[in-house]
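Below is one structure, written out as structure tokens; the observations come after it.
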Amino acid sequence: MAAKSFDLIVIGAGPGGYVAAIRAAQLGLKVAIVEREHMGGICLNWGCIPTKALLRSSEVFHLMHRAGEFGLKASGIEFDLDAVVKRSRGVAKQLNSGIGHLMKKNKVTTIMGVATLPAKGRVSVKTDKGVEDLSAKHIVVATGARARELPGLEADGTEVWTYKHALVPPHMPKKLLVIGSGAIGIEFASFYNTLGADTTVVEVMDRVLPVEDAEISALAKKAFIKQGMKIMEKSMVKQLDRSKGKVVAHIEHAGKTEKMEFDTVISAVGIVGNVEGLGLEALGVKIDRTHVVTDEYCRTGVEGLYAIGDIAGAPWLAHKASHEGVMVAELIAGGTPHAVKPESIAGCTYCHPQVASVGYTEAKAVEAGYDIKVGRFPFMGNGKAIALGEPEGLVKTIFDAKTGELLGAHMIGAEVTELIQGYVVGRQLETTEEDLMNTVFPHPTLSEMMHESVLDAYGRVIHM
């Protein structure tokens with residue numbers, strides 16, 4: 001039987017793959033998408049979306065305990081973990097079925113199965129019904145990534161969890177160890193700590209949220225400790241001794257090894273790309289530490305073969321994958337899209353307090369040789385933050401002293417994951433400090449702090 005022919009075949013229907021398929025279809029290409037498990041990928045089913053649903057529940061729970069501050073009365077406040085998880089799964093399910101609808105609407109052929117690349121321009125899909133052979137001039141690999149498992153610290157689903165187990169927990173942790181303080185680790189630490197788990201976070205680097213600006217990391221650590229978390233930096237979990245309902249962790253810290261007992265461990269020590277079993281190496285694709293090596297347009301060096309999203313390396317963010325998907329679709333359709341610049345992609349962490357950033361940290365800007373001006377504005381000086389009962393936080397901006405270019409912005413506090421896009425748009429439009437100073441921000445809003453932070457960088461701050 002001859003192979004079914006398409007203009008483009010996308011392997012993987014996560015936020016990179018499904019968006020690439022939609023955009024290519026909009027541009028008139030005949031598109032097929034292959035997915036082995038869930039439409040919407042990890043992000044929608046086991047990542048970004050269901051974690052935000054869980055964190056929203058813990059945020060409401062936290063606020064209920066603060067009712068008195070707002071002149072309200074609430075007693076007998078409890079949570080039902082099963083119901084919290086059920087809501088989170090429902091949110092994921094609703095969005096997952098929406099992706100299937102988008103594929104139909106855009107006339108994208110969906111094939112559920114496991115794909116391999118037997119030759120250039122060919123895709124073989126193992127489905128429930130057998131094997132389907134497809135061919136296309138262009139193929140986009142968007143197979144994503146999975147949790148990194150360190151030897152001896154592997155998840156078992158009962159006492160030791162990955163993010164997947166943490167989303168559908170078999171029990172409520174009483175004494176929790178979280179290994180790794182990147183976005184995933186810190187979000188789960190925040191969720192379970194808020195619900196009452198005695199939480200310890202171990203981080204191998206010298207600070208929590210190590211990719212963030214050092215000043216923001218320090219403020220986050222202070223907030224987490226105030227909430228009752230234990231934070232162990234420059235520390236390493238060497239081994240886990242497991243028994244039923246108990247894990248003894250050997251933690252190396254300051255040259256000594258300490259034994260600590262927990263009932264639950266969440267391992268969040270990074271991710272590895274899903275590069276195996278596709279046949280990429282045989283086609284001549286270069287793979288470096290489980291990630292496909294590409295140019296700035298996501299081309300692999302093998303004609304007609306592209307890699308986008310997590311499999312193509314950092315930053316491991318859904319919005320980066322989606323944007324690359326659009327860029328590659330436009331490139332294939334004969335357009336001239338802009339390359340995606342990693343430093344223009346914002347990172348958001350939905351712990352309590354929230355953290356968001358874009359561009360250079362202060363240290364990176366100095367390292368890159370810039371003469372910088374730095375502005376700061378605390379939540380404490382903002383009327384809306386006080387009215388919300390959220391006076392803890394900071395907005396920090398970094399400018400090139402010579403040109404006024406906004407090099408980076410870093411925030412911690414309530415709703416900063418929504419605020420950051422103001423600076424993202426600013427950077428995209430190549431804004432200078434003058435443009436931002438001349439922008440009228442509405443009052444009373446949290447966004448006014450973004451204005452004040454810019455003013456502060458130039459010695460013109462008003463409310464501080």
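The values are calculated or read from the model by the stated rules, or taken from the named source; none is laboratory data. Computed from a predicted model, the values in this text were never measured in an experiment. Here the Cβ positions follow ideal geometry from the backbone for every residue, glycine too, while neighbour counts run over all protein chains shown. Protein only, heavy atoms only, side chains kept; ligands, DNA and RNA dropped before computing areas. Shrake-Rupley method; radii C 1.70, N 1.55, O 1.52, S 1.80 Å.
Points to keep in mind about this one:
Each row is one residue, and each column tells you yes or no for (1) open to solvent by less than 60 Å² (accessible area, probe 1.4 Å); (2) under 30 Å from Lys126 (Cβ atoms); (3) of a type in the set (Val, Ile, Thr).
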{"site": "Val10", "(1), (2), (3)": "yes, yes, yes"}
{"site": "Gly16", "(1), (2), (3)": "yes, yes, no"}
{"site": "Thr51", "(1), (2), (3)": "yes, no, yes"}
{"site": "Leu95", "(1), (2), (3)": "no, yes, no"}
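- Failed criterion for Ala21 (all others in (1) in a helix (DSSP H, G or I); (2) open to solvent by 10 Å² or more (accessible area, probe 1.4 Å) hold): (2)
- The residues of region 53-80 that are exposed (fewer than 12 other Cβ atoms within 10 Å of the Cβ) and in contact (Cβ under 8 Å) with a residue 60 or more places away in the chain, listed by number, are Arg66, Glu69, Phe70.
- From the list Ile184, Ile139, Ile111, the one residue that fits, being at pLDDT 95 or above and in contact with an Asp or Glu (Cβ under 7 Å, 6 or more places away or on another chain), is Ile111.
- Scanning region 314-364 for residues being touching an Asp or Glu at 6+ places or on another chain (Cβ under 6 Å) and either on the phi > 0 side of the Ramachandran plot or open to solvent by 60 Å² or more (accessible area, probe 1.4 Å) (or both) gives a total of 3.
- Of the strands (runs of 3 or more DSSP E) lying entirely inside region 195-261, those containing at least 1 residues that are more than 27 Å from Val416 (Cβ to Cβ) and either free of Cβ contacts under 8 Å to residues at least 60 places away in the same chain or among the aliphatic types (A, V, I, L, M) (or both) are 198-202, 235-243, 246-253.
- Scanning region 262-272 for residues that are assigned to a strand (DSSP E or B) and either crowded, with 23+ Cβ neighbours inside 10 Å or of a type outside the set (A, V, I, L, M) (or both) turns up Phe262, Thr264, Val265, Ile266, Ser267.
- Against the conditions (1) farther than 23 Å from Ala414 by Cβ; (2) open to solvent by 30 Å² or more (accessible area, probe 1.4 Å); (3) outside any strand (DSSP E or B), Val275 satisfies every one except (2).
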